[in-house]
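K.L.:
After the C-alpha cells below, expect a handful of questions from me.
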Ligand code: AMP
Ligand code: GLY
C-alpha cells in the first residue's frame, strides 16, 4: 500500500516511523515533510493547502491511503475534496469531513455540540461585534479569571486568560472591534475558568465505533513551572500517572461515548482522530476543547505505545470497519522533550546548523519538526525543531534519557524546558 502523509511536523515524522513497522506499507510520501521524514520516506514539496497538487501526486504516485496531520487542511475541506473527486474514488482517507472538522474550526460550534450532547465543559456565552455591549456586561457578572476565546483557528494563540476585569474588557473590544486575531476573533466565546490539571485524550473513530489511544500529558508554556507564553507544546509524557482507572472510565462514559454518538446524531461524517483536551477538576473530567487531529508533541509518546499494526488501524478507520480491529497498548513509559529555536514562540531564526543528532536507539528516537537538509547539513527550519523521545522503566528514567540526548545536540540559540514531568 502506498501512503501519503500530509504535514511537516514531528507528529508526521512519528506517523511515518510507525507506519514503516507494518509489512503492508510500501512507499510512504510526506507533503511537505522535513529532514527526518526525508530519511525514512520521500518528501513532496507541496503545501498542505494546495489540494490540486496533492491530487496530482496521489494519481501519479498511485497513493492508496492519505493521512492528514494538521487541522488547517481538514478545516478547509481536504477530505471532502478527495472523497468527491471521481478520479480519487478508490483512495482511502483518514480525517474528518469539513463539517466534522468544525469541532476544531469553531469554538462556538464545539461548545454548542457539547451542550447539545450533555458533555461536561465550562459554561459559556458567545458574542460578536453586534452585541459587544452585552459581552462587556456579561463580564461584569462573572468572577475572574476571564477566559476569552477567538472562535476561529488562531494557531493556539486565540485563548486569553485574564485576571482583571478592565483588561478583559479591553481585550474583548480588541478582538471584536480592532481585529485582533483577524476574522477568527470576530466571534468570541467567553467561558467559565476551570481550575485543574490537563491531560490529552485521543480517540480513533470511523464514525460508528471508536478505539481509545494511550493518554498523554503535554507541557504547553514556554517557561519552566508552566510560566510564560503558550507554545505548540514543549514536551509530553505517556501514560498519565494521575489519571486513575475510575477517572478514565468517567471520561469514556461521559465524554467519549456521547462525542461519537453526537457525531452520528448530528450527521458529521468523521473517519479520523478526535483529540479531546481534558481538564480534571476535583477528580471530575471536563472538556476544554476538541481538536480534529492528533496532538503534537503527544503523538510522539502515544504511537510508540500502540502495539496493533497502525496501518491496519488507519485502513479500518478509512473503510469504516474499525470495530473489527483490536487496539493493543503497550504498558511502557515514554517522554518527549521538545527542542525549540531561541525566541520561539515569538520571533526566531531559521537556517542554523544542527550538530550532534545521534542515530535512533532502542531507547531513544529523534523525531524532526522544523528541520531541513541542505547538502549534508541539517538546518533549523521552524520554531519547534526536534522531539527527543525516550522509553524508561518510569517517567524519571524516560525523561532523564531524553535530557542526556538533548544535551548532545547543538545549534545556535537552542532552547528547551528543563522541567518536563516536574508535576508528576
Ligand atoms: P484551548 O485552545 O481551548 O485548548 O485553550 C488553550 C489553553 O487555555 C488550554 O490548554 C488551557 O490551558 C487554557 N484554557 C482554555 N479554556 C480554559 C478554561 N475554561 N479554564 C481554564 N483554562 C482554560
Ligand atoms: N499539544 C497540543 C496540540 O497539539 O494542539
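K.L.:
When you scan the range 183-194, do you find a residue that is surrounded by fewer than 21 Cβ atoms within 10 Å (Cβ to Cβ), closer than 30 Å to residue 55 by Cα, modelled with pLDDT under 95 and more than 16 Å from ligand 2 (Cβ to nearest atom), even just one?
P.N.:
Yes, the conditions are met somewhere in the range 183-194.
K.L.:
Another question about this same structure. Looking at residue 202 and the list (1) part of a strand (DSSP E or B); (2) within 16 Å of ligand 2 (Cβ to nearest atom); (3) at pLDDT below 95, which single condition is not satisfied?
P.N.:
(3)
K.L.:
Cβ-Cβ below 7 Å, separation at least six or inter-chain, first residue in the range 297-326 and in contact (Cβ under 8 Å) with a residue 12 or more places away in the chain and closer than 17 Å to residue 10 by Cα, second within 16 Å of ligand 1 (Cβ to nearest atom) and assigned to a loop (DSSP other than H, G, I, E, B): which pairs?
P.N.:
If the second residue must be within 16 Å of ligand 1 (Cβ to nearest atom) and assigned to a loop (DSSP other than H, G, I, E, B), the pairs left are 297/233.
K.L.:
Output the qualifying pairs, or none if there are none: Cβ atoms under 7 angstrom, residues six or more apart or on different chains, first residue in the range 174-192 and closer than 28 Å to residue 120 by Cβ, second residue within 16 Å of ligand 2 (Cβ to nearest atom) and part of a strand (DSSP E or B).
P.N.:
The qualifying pairs are 175/150; 181/150; 184/150; 185/150; 188/149; 188/150; 189/149; 191/149.
K.L.:
Give me the residue from the range 285-322 that is under 12 Å from residue 213 (Cβ atoms) and within 16 Å of ligand 2 (Cβ to nearest atom) and, out of that set, nearest to the chain's Cα centre (by Cα).
P.N.:
295
K.L.:
From the list 277, 272, 228, exactly one residue is free of Cβ contacts under 8 Å to residues at least 24 places away in the same chain and in a strand (DSSP E or B). Which is it?
P.N.:
Result: 228 is the single residue among 277, 272, 228 that is free of Cβ contacts under 8 Å to residues at least 24 places away in the same chain and in a strand (DSSP E or B).
K.L.:
If only one of 366, 354, 399, 315 is more than 16 Å from ligand 1 (Cβ to nearest atom), assigned to a strand (DSSP E or B) and over 18 Å from residue 412 (Cα atoms), which one is it?
P.N.:
Unique residue meeting the criteria: 366.
K.L.:
May I pose another question? Within the range 159-181, does at least one residue satisfy the condition of being within 16 Å of ligand 1 (Cβ to nearest atom) and closer than 28 Å to residue 248 by Cα?
P.N.:
yes
K.L.:
Run down 211, 271, 250, 220 and say which single residue is within 16 Å of ligand 2 (Cβ to nearest atom) and in contact with a strand residue (DSSP E or B) (Cβ under 8 Å, 6 or more places away or on another chain).
P.N.:
Working: 211 fails: within 16 Å of ligand 2 (Cβ to nearest atom); 271 fails: within 16 Å of ligand 2 (Cβ to nearest atom); 250 fails: within 16 Å of ligand 2 (Cβ to nearest atom).
Just a single option satisfies the conditions, and that option is 220.
K.L.:
Follow-up question, since we're still on this one. If residue 236 passes every condition in (1) assigned to a loop (DSSP other than H, G, I, E, B); (2) in contact (Cβ under 8 Å) with a residue 60 or more places away in the chain; (3) within 16 Å of ligand 1 (Cβ to nearest atom) but one, which one does it miss?
P.N.:
Evaluating residue 236 over (1) assigned to a loop (DSSP other than H, G, I, E, B); (2) in contact (Cβ under 8 Å) with a residue 60 or more places away in the chain; (3) within 16 Å of ligand 1 (Cβ to nearest atom) leaves (1) as the failure.
K.L.:
Same structure again: For the range 328-340, does any single residue satisfy the condition of being over 21 Å from residue 360 (Cβ atoms), in a loop (DSSP other than H, G, I, E, B) and within 16 Å of ligand 1 (Cβ to nearest atom)? Don't jump to the end; show me each part of the working.
P.N.:
Keep residues of the range 328-340 that are over 21 Å from residue 360 (Cβ atoms), which gives 328-329, 331.
Those left that are additionally in a loop (DSSP other than H, G, I, E, B): 328, 331.
Still in the running and within 16 Å of ligand 1 (Cβ to nearest atom): none.
No, the range 328-340 contains no residue that is over 21 Å from residue 360 (Cβ atoms), in a loop (DSSP other than H, G, I, E, B) and within 16 Å of ligand 1 (Cβ to nearest atom).
K.L.:
Are any of the residues in the range 242-265 part of a strand (DSSP E or B), under 23 Å from residue 71 (Cβ atoms) and either modelled with pLDDT of 95 or more or more than 16 Å from ligand 1 (Cβ to nearest atom) (or both)?
P.N.:
No, the range 242-265 contains no residue that is part of a strand (DSSP E or B), under 23 Å from residue 71 (Cβ atoms) and either modelled with pLDDT of 95 or more or more than 16 Å from ligand 1 (Cβ to nearest atom) (or both).
The values are calculated or read from the model by the stated rules, or taken from the named source; none is laboratory data. The structure presented is a predicted model; accordingly, all values stated were derived computationally and were not measured. Don't worry about glycine lacking a Cβ; one is built from the backbone with ideal geometry, like all the others, and counts go over all protein chains shown.
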